[in-house]
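What follows is one structure encoded as structure tokens, with my remarks underneath.
The values are calculated or read from the model by the stated rules, or taken from the named source; none is laboratory data. Model, not experiment: these values are computed from the prediction. Quick reminder, even Gly has a Cβ in these numbers, built from the backbone with ideal geometry, and neighbours come from all protein chains shown. Side chains are part of the model used for accessible areas, which takes the heavy atoms of the whole protein and leaves out ligands, DNA and RNA. Shrake-Rupley method; radii C 1.70, N 1.55, O 1.52, S 1.80 Å.
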Amino acid sequence: TECAKLASADFAQLTVAQHPNMELPVAACVRRWRCAAMLLSFECCGAIVAAAGASMNSTPSQFVYRDDTARRMASLAQAAYCGPTASMLNWTCQPCVESGLALENGTWRGFHSKLHGDYDHTFVSLGRIAGPDPYSDGDSDGWCFLSVRGTERLSNWESDVDCLHVPLSLDWACPGCTVAAGWLEDWLGVEDKVDFLLREIGCGPSSGRRVYVVGHSMGGAVATLAAYALQVKHGFDLGGVYSFEGPRVGNWVFTEAFKERVEAVRPVFRITFDRDPIVHLPPQIWGFEHTRTEVFYNSSGGHRLCEGVEDPSCSARYSEVWEWRFTEHCHVPLTPSGSICECNGWIPLSNKPPPIGQHTVGLGEAIVV
């Protein structure tokens, strides 16, 4: 009975206090979707709600999906796992080289944000790329990227399990929109510095250069919020969004607003792989909805552009817990190394960063703070 209430509740208004009689595992999952509690609640509810009849219909993206472009974006997403190493500054890290993209000299920036007591919590990488914009209508004076690292630290897991719906503030111009608290906190922790650094390297709103936003896993969730904020709140010229194996981020109101404000004007692709479990979280029954447009890669490496929000012939075909394979979460077949969430050479910060405005390079680290 309580599971039925949960499935039908208005999640824009849902709080644990409003449902004090829910079974403990279900109530706990409204706040945090730790693996054990998640499985208990799924057992209670029977199964994840099938997407075929529950989601809104839509046609595939008006922008052409190009596998070669996706591979370059995947390398940029993987490079965020390299962290603040010297090889990022001179663009010699393995994913940097494999991307085939030329970085404009002196334009790479990267920094960590502190959260949950961890100075290495969220890492973002950004820079300016020489060469034509992947989706330019004509000649372009280069383009820019923002890449957000996925889950790698214990503190990242603390954000991942914080799936309480929280409303977006008025400056998001998204009334009724709610998103997962943990990933919103991650983005808000880096938002101002990202805005400053993009402008500093010549990627501001009036620069004529578009900003592409990428990320894997947790990084894909934060990238989705970043793309909306840069476009709507900060006035940047968004180039596109590539989310690799990212989870659901917000409610259906946010999904629709994202469609109208971002997807309608720029290419947005949500890449999924075979039986990866993370794309099924947080569950739809908790009021979360995926953004469009899904590009599903199967175990053989073939891909298809999916219909609607959650096409049952794509990743949604594996919506049952027993069908998931956690080992597939890092193995999007788009990076030469075979794993999108690994990069040799990352060195975590061991001490508190220096005051804002100072740059440090030492012990293989290249940190912009």
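Which residue out of 208, 202, 235 is open to solvent by 10 Å² or more (accessible area, probe 1.4 Å), in contact with a Pro (Cβ under 6 Å, 6 or more places away or on another chain) and part of a loop (DSSP other than H, G, I, E, B)? Lay out the reasoning, then the answer.
On the way: 208 fails: in contact with a Pro (Cβ under 6 Å, 6 or more places away or on another chain); 202 fails: in contact with a Pro (Cβ under 6 Å, 6 or more places away or on another chain).
Within the list 208, 202, 235, the selection yields 235.
If we scan the stretch 182-200, do we find a residue that is touching an Asp or Glu at 6+ places or on another chain (Cβ under 7 Å) and β-branched (Val, Ile, Thr)? Can you show your working first?
Taking the stretch 182-200 as the starting set, the residues that turn out to be touching an Asp or Glu at 6+ places or on another chain (Cβ under 7 Å) are 182.
Filter once more, so that each one left must be β-branched (Val, Ile, Thr): none.
Looking for residues that are touching an Asp or Glu at 6+ places or on another chain (Cβ under 7 Å) and β-branched (Val, Ile, Thr), one finds none in the stretch 182-200, hence no.
Sort out which residues of the stretch 73-114 are in contact (Cβ under 8 Å) with a residue 60 or more places away in the chain and of a type in the set (Val, Ile, Thr), and write them in order of number.
85, 107
Would you be able to say whether some residue in the stretch 319-337 is of a type in the set (Ser, Thr, Tyr), within 25 Å of residue 258 (Cα to Cα) and out of contact with any Asp or Glu (no Cβ under 7 Å at 6 or more places or on another chain)?
Checked the stretch 319-337: at least one residue is of a type in the set (Ser, Thr, Tyr), within 25 Å of residue 258 (Cα to Cα) and out of contact with any Asp or Glu (no Cβ under 7 Å at 6 or more places or on another chain).
On the basis of being under 20 Å from residue 341 (Cα atoms), in contact with a His (Cβ under 6 Å, 6 or more places away or on another chain) and either among the β-branched types (Val, Ile, Thr) or open to solvent by 10 Å² or more (accessible area, probe 1.4 Å) (or both), does residue 278 make the cut?
yes
Go through the stretch 296-318 and count every residue that is surrounded by fewer than 23 Cβ atoms within 10 Å (Cβ to Cβ) and either of a type in the set (Ser, Thr, Tyr) or in a strand (DSSP E or B) (or both).
8
Criterion first (assigned to a loop (DSSP other than H, G, I, E, B) and open to solvent by 10 Å² or more (accessible area, probe 1.4 Å)) does residue 253 satisfy it? Break it down into steps so the answer makes sense when it comes.
Details: assigned to a loop (DSSP other than H, G, I, E, B): no; open to solvent by 10 Å² or more (accessible area, probe 1.4 Å): yes.
Answer is no for this residue.
Which members of the stretch 82-107 meet the condition of being open to solvent by less than 40 Å² (accessible area, probe 1.4 Å), touching a Cys at 6+ places or on another chain (Cβ under 9 Å) and modelled with pLDDT of 90 or more? Don't jump to the end; show me each part of the working.
Taking the stretch 82-107 first, the residues open to solvent by less than 40 Å² (accessible area, probe 1.4 Å) are 82-85, 87-88, 91, 93, 95-96, 99, 101, 103, 107.
Those left that are additionally touching a Cys at 6+ places or on another chain (Cβ under 9 Å): 82-83, 85, 87-88, 93, 95-96, 103, 107.
Result: 93, 95, 96, 103, 107.
Per-residue answers, yes or no, for (1) modelled with pLDDT of 95 or more; (2) assigned to a loop (DSSP other than H, G, I, E, B); (3) open to solvent by less than 10 Å² (accessible area, probe 1.4 Å):
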{"residue": "183", "(1), (2), (3)": "no, no, yes"}
{"residue": "195", "(1), (2), (3)": "yes, no, no"}
{"residue": "214", "(1), (2), (3)": "yes, no, yes"}
{"residue": "221", "(1), (2), (3)": "no, no, yes"}
{"residue": "226", "(1), (2), (3)": "yes, no, yes"}
